[in-house]
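The values are calculated or read from the model by the stated rules, or taken from the named source; none is laboratory data. Treat the numbers as computed from the prediction; the structure is a model and nothing was measured. Neighbour counts run over all protein chains shown; Cβ positions are idealised from the backbone, glycine included.
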Amino acid sequence: MDFSIEAHQLDCSPSPKADPDLRWKRTLDVLLILLALPFLIPLALLAALLIRSGSRGPVLFRQGRVGHQGRRFMCFKFRTMFVNADTATHQGHLHQLMNSNAPMMKMDSKGDPRIIPFGVLLRASGLDELPQLINVLRGEMSLVGPRPCLPYEYGQYLPWQKERFQTVPGLTGLWQVSGKNKTTFVEMIQLDIRYAKNKTLWWDLKIILLTVPALVIQMLETRQARLASSRPVRRKTSYSNYTTQSHSFTKAALVSAVQARDGEDVWMRKEIKLNS
C-alpha cells in the first residue's frame, strides 16, 4: 500500500510549543491518543484501503495551515480529492461564507466533482483527519481547539477574529459540537474565541465526549443534503413536462370542439337557407 504523501509546499515556521501553563492539555492529548490507539489503527487502515480502492495517488495529503499565534505548519490528512485538484473553487466558496450570514455548509453536500469515491464518507465521519494525530503528538495541534485555517483564509481575517489563534488548534472543538454546519462564519469565530479564553480540563473532556454524536449528526445531514440537492431537479422537470403535455392536450381538445361547433353552425345555416 502506497503511503506516500502529496504535499502543498509552504514555508513553515518551527513547530510551536504549547503554553507552559497548560501542561494538563498536553498530558491529556498524549494519554488519550495512547489509550485509543488499538481502536484508531484499524480505522486508519480502513480509511487508507478506501482511498486506494477509489483513486490512484498517495494516501496521505499534507497542506500548510495556520495555527497557534499565527504560526504555520504542515497539517496531515487522508487524501479525499483527486490529485492536483483545483483549489480556486474552494477559495471562492470560502470567501462567500466569510462575507455573508450563510451557514457554514461544505461543498460536499451539493456534490463536489473533485472528491474521490468514498471521499464524502471519510470527510463527513471525520476519518480523513485521523493523521492529524501526528500533529498533536508533535505539539502543533491539540485534540480540542479551533480548526487550523488555510493561509489565504488567515489573510482575510479581521484583527478581532485573530484572537482565535491564542490557543493551539485542534481536531475538534466548541464549534464542531455547537451546530457547525448551521452556524455562520462569525458565529464560528465567536465560539473559537470563547474557547480560547475559557478552556479548562473538564471542558475539553466534555467536548471530546460530544464529538461522536456530533459526527453522527453531520453524516446524516450530509446524506440528507445530497439527496435533497438531487431530487428537486427531477421532480420539477417531471412536473413541468406533465403540465406542458396536459396544457397541450386541453388546448387541442378545445380547438377541435370549437371547430366542430363552427362546422355544425355552418351546416345548419345552409340547410335553413335551402328550405326557405
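Values as computed for the structure displayed
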read-out: Conditions (1) at pLDDT 95 or above; (2) farther than 24 Å from residue 100 by Cα: number failed by residue 219; value: (1)
read-out: Within the stretch 157-180, tally of residues that are more than 13 Å from residue 211 (Cβ to Cβ) and in contact with a helix residue (DSSP H, G or I) (Cβ under 6 Å, 6 or more places away or on another chain); value: 7
read-out: Test: residue in the stretch 151-165 that is closer than 22 Å to residue 227 by Cβ and in contact (Cβ under 8 Å) with a residue 24 or more places away in the chain; value: no
read-out: Failed item, numbered, when residue 94 is tested on (1) within 14 Å of the chain's Cα centre (by Cα); (2) assigned to a loop (DSSP other than H, G, I, E, B); (3) closer than 25 Å to residue 178 by Cα; value: (2)
read-out: Given (1) over 24 Å from residue 121 (Cα atoms); (2) out of contact with any Lys or Arg (no Cβ under 8 Å at 6 or more places or on another chain), index of the condition residue 192 fails; value: (2)
read-out: Filter result for residue 116 (surrounded by 18 or more Cβ atoms within 10 Å (Cβ to Cβ), on the phi < 0 side of the Ramachandran plot and either at pLDDT 95 or above or not β-branched (Val, Ile, Thr) (or both)); value: no
read-out: So residue 221, is it in contact (Cβ under 8 Å) with a residue 24 or more places away in the chain and either farther than 24 Å from residue 77 by Cα or surrounded by 21 or more Cβ atoms within 10 Å (Cβ to Cβ) (or both); value: no
read-out: Of all residues in the stretch 132-148 being more than 24 Å from residue 197 (Cβ to Cβ) and in a helix (DSSP H, G or I), the one that is nearest to the chain's Cα centre (by Cα); value: 133
read-out: In the stretch 51-73, residue farthest from residue 128 (Cα to Cα) [restricted to those that are buried (at least 20 other Cβ atoms within 10 Å of the Cβ) and not β-branched (Val, Ile, Thr)]; value: 68
read-out: Qualifying residue in the stretch 149-171 (condition: within 13 Å of the chain's Cα centre (by Cα), surrounded by 19 or more Cβ atoms within 10 Å (Cβ to Cβ) and part of a helix (DSSP H, G or I)); value: no
read-out: Test: residue in the stretch 176-185 that is surrounded by fewer than 22 Cβ atoms within 10 Å (Cβ to Cβ), out of contact with any Asp or Glu (no Cβ under 6 Å at 6 or more places or on another chain), of a type in the set (A, V, I, L, M, F, W, C) and under 21 Å from residue 107 (Cβ atoms); value: yes
read-out: Index of the failed condition, residue 76 passing every other in (1) at pLDDT below 95; (2) crowded, with 18+ Cβ neighbours inside 10 Å; value: (1)
read-out: Near pairs, Cβ below 8 angstrom, 6+ apart or cross-chain, from the stretch 31-51 (within 22 Å of residue 116 (Cβ to Cβ)) to any residue that is among the charged types (D, E, K, R) and surrounded by 13 or more Cβ atoms within 10 Å (Cβ to Cβ); value: 47/128; 51/79
read-out: Matching residues in the stretch 197-206 - criterion: being assigned to a helix (DSSP H, G or I) and either surrounded by fewer than 20 Cβ atoms within 10 Å (Cβ to Cβ) or within 20 Å of the chain's Cα centre (by Cα) (or both); value: 197, 198, 201, 202, 203, 205, 206
